[in-house]
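Asker: Below is one structure. I have some questions about it.
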């Protein structure tokens, strides 16, 4: 069973990773379209989980909010995502009035939370548009994958002490340490390859990314635990749903963006 699951994971990765790399390479419209598609699929899964929690969020309003956030990142000048959040908030508040009592404030709050959460994926596009954005986006992807992969294998082989049994019984302290090692290793490799990058800052970024990736994974586990589901969906063989694959990246992409902007960009 474990071998079958691993084989499914590898096959899905061999199909998905080249698609992501091509979109990242071209940037612009191909990348924003891919991000928009992933956000739509992710919001469908979030909507299903909110429904299992007893809420009645409108799928169309949720998807509209996600696409507004994506459009905001594409049209970004300064201050993202402030203007888009304001527009989405007003849209949901007006919907609460117009659709009452079928659509409540709690439904709006759940939809808003889902949109802001999944909408963090738009930071991948913002990263790509930065100076040396190609490097930082590939760093984010590889370091996040490195964290997840190292945590998975180290946890599987050596994991004994559970780190958050109430949220994710399979997560262990040993796996978390392996995840940190994976992210720092990727940071070290990037520092060697791109010698103009400040090594000390990139290594600190790798350490912070390792923490963010694992917290992001645990947060999605909290969503699934409360909704009573094992995976966000069965869309991707061996991985579960879209949210099961991007949960870590929703934390790492904003982290890298603002870390580079504040500490490395100048």
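Asker: Out of everything in the stretch 24-43 that is buried (at least 20 other Cβ atoms within 10 Å of the Cβ) and more than 22 Å from residue 112 (Cα to Cα), what residue ends up being modelled with the highest pLDDT?
Answerer: My answer is 31.
Asker: Test residue 85 against the stated conditions and say whether it is surrounded by 17 or more Cβ atoms within 10 Å (Cβ to Cβ), under 22 Å from the mean Cα position of the chain (by Cα) and under 22 Å from residue 235 (Cα atoms).
Answerer: no
Asker: Among the residues of the stretch 73-92, write down those that are touching a helix residue (DSSP H, G or I) at 6+ places or on another chain (Cβ under 8 Å), part of a helix (DSSP H, G or I) and under 30 Å from residue 261 (Cα atoms).
Answerer: Within the stretch 73-92, 73, 74, 83, 84, 85, 87, 88, 89 meet the criteria.
Asker: Sticking with this one: Could you tell me whether any residue of the stretch 49-72 is outside any helix (DSSP H, G or I), more than 22 Å from residue 227 (Cβ to Cβ) and within 17 Å of the chain's Cα centre (by Cα)?
Answerer: No, the conditions are met nowhere in the stretch 49-72.
Asker: May I ask you to verify whether residue 263 is under 22 Å from residue 169 (Cβ atoms) and either touching a residue at least 60 places away in the same chain (Cβ under 8 Å) or part of a loop (DSSP other than H, G, I, E, B) (or both)?
Answerer: Here the answer is no, as residue 263 does not meet what is asked.
Asker: Please indicate, with yes or no, whether at least one residue in the stretch 186-193 is more than 18 Å from the chain's Cα centre (by Cα) and in a loop (DSSP other than H, G, I, E, B).
Answerer: No, the conditions are met nowhere in the stretch 186-193.
Asker: Looking only at the stretch 163-186, count how many residues are modelled with pLDDT of 85 or more, over 10 Å from residue 146 (Cα atoms) and crowded, with 16+ Cβ neighbours inside 10 Å.
Answerer: Residues that pass the stated criteria total 7.
Asker: Return yes when residue 105 is surrounded by fewer than 22 Cβ atoms within 10 Å (Cβ to Cβ), closer than 26 Å to residue 217 by Cα and at pLDDT below 95 and no when it is not.
Answerer: Against the criterion (surrounded by fewer than 22 Cβ atoms within 10 Å (Cβ to Cβ), closer than 26 Å to residue 217 by Cα and at pLDDT below 95), residue 105 does not qualify.
Asker: Check 151, 98, 109 and return the single one that is within 18 Å of the chain's Cα centre (by Cα) and at negative phi.
Answerer: Of the residues listed, the single one that is within 18 Å of the chain's Cα centre (by Cα) and at negative phi is 151.
Asker: Go through the stretch 185-210 and count every residue that is more than 21 Å from residue 251 (Cβ to Cβ) and without any contact (Cβ under 8 Å) to a residue 12 or more places away in the chain.
Answerer: Matching residues across the stretch 185-210 total 7.
Asker: Next up: Give me the helices (runs of 4 or more DSSP H) completely within the stretch 104-172, filtered to those with at least 1 residues that are within 30 Å of residue 62 (Cα to Cα) and without any contact (Cβ under 8 Å) to a residue 40 or more places away in the chain, ordered by residue number.
Answerer: 105-118, 133-158
Asker: Would you mind stating whether residue 90 is within 20 Å of residue 188 (Cβ to Cβ) and either at pLDDT 95 or above or out of contact with any strand residue (DSSP E or B) (no Cβ under 7 Å at 6 or more places or on another chain) (or both)?
Answerer: no
The values are calculated or read from the model by the stated rules, or taken from the named source; none is laboratory data. These numbers come from a predicted model, not from an experiment. All Cβ positions, glycine included, derive from the backbone under ideal geometry; neighbour counts span all protein chains shown.
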